[in-house]
Every structure is written in C-alpha cells, then in structure tokens.
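Values in this text are rule-based calculations from the coordinates and carry no lab data. Please read all numbers here as calculations on a predicted model, not as lab measurements. Counting neighbours? That spans all protein chains shown, and the Cβs are built from the backbone with ideal geometry, glycine included.
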C-alpha cells in the first residue's frame, strides 16, 4: 500500500504525530465513534418512548466493529458517496430484523459524522491536555531554575540589554498558560453533539425531538445544543485555531532554540545523544533535529486555519462542500499538534543550557550592551539627555577603536567626575541590570500555582 502523507509514513510518522493520537483518528476509532453515536441515539429514543427498550438493547449489542463487513461497507461507500448509509445497513444487518428497522431512526448523516468527530476530538483534547500540562511543568522548572541566569537580551538580532534565561522561558510559559485557559473555555463550545435530522428541525421525531436530543447527549457525555449547528461551524473553527495558536507558540520556541544553537551564539542546545544531529558530510556538525520539525508543523498548521474558516461559509441548511474540508483538516491538525508537543517536550525536558557561554557572550561587544545602564546610572546627576550624549559618544569611540566600553568611560573625565571606578563597575555588571525580570518570573509562577497548573 502506498503512503503519501508523512503522518502515516512508517519511516517519518512519529516525528510529526504521536502514536496515541494516530489511534484516536484511525479508521477504527472513527467507525467506533459513529457506532457510539448510533447507540446513544437508540437509547435516547428508548428513554423517550420513541422505540422499545429491547430495540435499543439489540442495537447496542450489535454495534461492534467485528459485526460489520468493512469491505462491503467500503464498497457501498464508494458507490453511494455518503459515509453513514453503509454503516446503517451493516448495523441493521447485525441486529435482529425488528430492531434493524429502527437503526438511525430520525437522524441524518451529518448528525452521526459530526457527533462522531466530536467524540474523537474529545479523546484528542485529553491527550493534548496531558502534554500541555507536562509542558507547563517543564517550563515552570526552567523558569525557576534559570530565574537569575543572566544572558544577553537581543532586539533585531543584536545584543540590546541583559535579561535572564528564566525570563525568556517565563515569556513562553505565560503564553502556554493562556492556551490552557483558552482550552478550558472552548471545550464548552466544542464538546457539543449534533442531532437535528434532515434540515435540523427534528421533524421526524415529532414532539419528542428535543427530549431525544438531550437524552442522546447525556448518553455520550456531551453538551446539548440550543439549536442545530449543521451550518454553524464557528466552534470547530475555534478548535482548529486553538491548535494553530499552540503550534505557533511552539514554533516560536523552536526558532529561538535553533537560533541560540548557532555556532556564534551557542548558549543552548538540543539534548544530545551519540550521532544525533550529525551531518552526512560535515563530521563536526551538531544540528538541531527536533526544532525544524516543530517549525515546519507551525507553518503547515496556519494553512488549516484558513481552510477551517472557509468551512464556516455555508449555504442554506446543509452546505455542498464544507464537510469534506473538515474531514481533511481536523484529524491532521490534531495529529500535527500532538507531534509538535511531543517534540517540544523532548527538547525542553533535557535542554542543554550553557550559563557560562551566556555570560561570556555578554562581553562580546566589549560591554557595549551595558551603555544604557551607565546612562541611567548618571542621568539622575546630570540629566538624561546629557548622560545619553556622553555615553553615546563613549560607546562610539569604543566601537571604532575596538576597545571596551569600560576603557573609554574611565578615560572620559566628563563622566568619571560623577562616578567612582567602583560605582562604574557596578553599573557595568550585567547581573545588576536585569530590572524586574526575576519578579516577573515569580509572577508567572504564582499565576500558574493559582490556576492549579503547578504545585
């Protein structure tokens, strides 16, 4: 059998999706979700008195994957073009003749497909939440451990002023905490089932329609809609866009790590094992391996956002082309997100943080990144504008002459008449100029504790 997707490839698949998520969105899980929806429908109708209880019991007993002729089901699907009619025929055949008459009673294809996919998404969300919580714990440990690990802050890819590595990871941490908050909110809107019949009015169930719908959702542990959402796909768009947000955050983190792995920077490194990251031609290379996959997933996921938003634009009470878009987008979006989270956890849990190299890099420009600190140190004495002019001039001379900022400042009487050498050295020490970085890290950690995200 030929494979065209890397998600399904024997060779590549675990790089881009977790095996557990692959099971959630497998054909077996998909068909089982449809069967569960049909069973819930039958039990709900029995509770409402629409069908006899023994009918619901018979349908529930028959609704097992092994009772279906999947090859015959696939052949019929290829012929009729809709996925649920062949399932209904197979399930009815597996029941006794009387009960078989009531399979799919009052429902329509989209009810079962939508509800089945919601059940799959629920299982997928549970897996993603586990990894998201593990990521939160990992980022909290990094932020706490490196709260005071001083490094160069960079803007426009150039050294700017000191920060701490814990501050950097706490920025990531805070973003992930917001994703956790968003997920708690969107689950209320996404984990809602579908039962509406042909045009969504439940007309085939008469006055029992809403009672059946409520009982069906209770059976499945899903929310009950206030009105049929056959053509209202905003909740699913919200779900997909949440996945895009998460993978974009992880893509940003991976980009930062890969950039900090550059030979000229070399401040952090992906976890290493013998041979990992080696080049086929350059023996000295230790390339980033997981980062490129995470970044690639982030770029791919953004395309799904547009596709799912397109699926929101529908006509009448059932659209022509929207459902197939979702069948393509949602499973792969969940799959790729699981891969991004798994790869990110692999990196961050054992990230090689080189605090000594971070400190050494602070001195690369001869201390020029401390110019602002010196300026603000003497500004209260001579005013900010004059302090800026003096330090700017000294920094320019140091840069042109290839000297350190300290050397130029010590020779500048206009500056040194206001500070001692000891005070100047205090101003030039990067560890004294990280501002509120540590306090901000503490605030993010406190927020995570208040959310119950960490201990």
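Structural descriptor for the range 363-419: relative contact order 36 percent, calculated from alpha carbon pairs under 8 angstrom and at least 6 residues apart. Each Cα pair under 8 Å and six or more residues apart adds its separation to the average, and for the chain the resulting relative contact order is 19 percent. When you restrict to C-alpha pairs under 8 Å that are six or more residues apart and normalise by the size of the range 18-107, the relative contact order lands at 29 percent.
Can you tell me which of 124-130, 74-80 comes out highest on packing, and rank the rest after it, using the mean Cβ neighbours within 10 Å?
Numbers: 124-130: 17.9, 74-80: 12.6.
In descending order of packing, they fall as 124-130, 74-80.
Rounded to the nearest 10 degrees, the inclination of helix 234-260 to the longest alpha-carbon principal axis of the chain is 30 degrees.
For the chain, take the longest principal axis of its alpha carbons; what is the angle in degrees between that and the long axis of helix 437-451, to the nearest 10 within 0 to 90? Compared with the principal axis, the helix lies near 20 degrees.
Among (i) 1.00; (ii) 0.91; (iii) 1.33, find the value of Cα Rg over 2.2 N^0.38 Å that was calculated from the structure presented, and write down its label. Correct label, based on the coordinates given: (iii). Residue separation of residue 299 and residue 350 scaled by 0.36 nm, minus their Cα-Cα distance, works out to 15.9 nm of gained length.
Spin-label model, residue 210 to residue 134: label points 7 Å out along the Cα-to-beta-carbon direction sit 4.5 nm apart. In plain terms, the chain from residue 141 to residue 376 could stretch by 81.3 nm, reckoned as 0.36 nm per residue minus the Cα-Cα distance.
Where does each of 35-42, 261-268 land if you order them by average Cβ count within 10 Å, highest first?
Details: 35-42: 25.9, 261-268: 15.0.
With the highest mean Cβ count within 10 Å placed first, the list reads 35-42, 261-268.
Only beta bridges with both residues in the chain are counted; by DSSP, about 90 percent of them are antiparallel.
Legend: calculated FRET efficiency, residue 54 to residue 126, from the Cβ-Cβ distance at R0 = 35 Å, rounded to 0.05, equals 0.55.
Rank-order 99-106, 376-383 by packing density, defined as the average count of other C-beta atoms within 10 Å over each peptide's residues, highest first.
Details: 99-106: 20.2, 376-383: 15.5.
Final packing ranking: 99-106, 376-383.
Between residue 11 and residue 455, the contour length at 0.36 nm per residue exceeds the alpha carbon distance by 155.9 nm. The angle between the Cα long axis of helix 53-62 and the main principal axis of the chain comes to about 60°, on a 0 to 90 degree scale.
If R0 is 51 Å, what FRET efficiency do you get for residue 188 and residue 388 from their C-beta distance, rounded to 0.05? Here the calculated transfer efficiency is 0.45. Put the Cα centre of the range 1-73 next to the Cα centre of the range 349-388 and the gap is 60 Å. With a Förster radius of 25 Å applied to the beta-carbon distance between residue 328 and residue 20, the computed FRET efficiency rounds to 0.75.
A crude spin-label estimate for the pair residue 234 and residue 181, with each label 7 Å from Cα along the Cβ direction, gives 2.1 nm.
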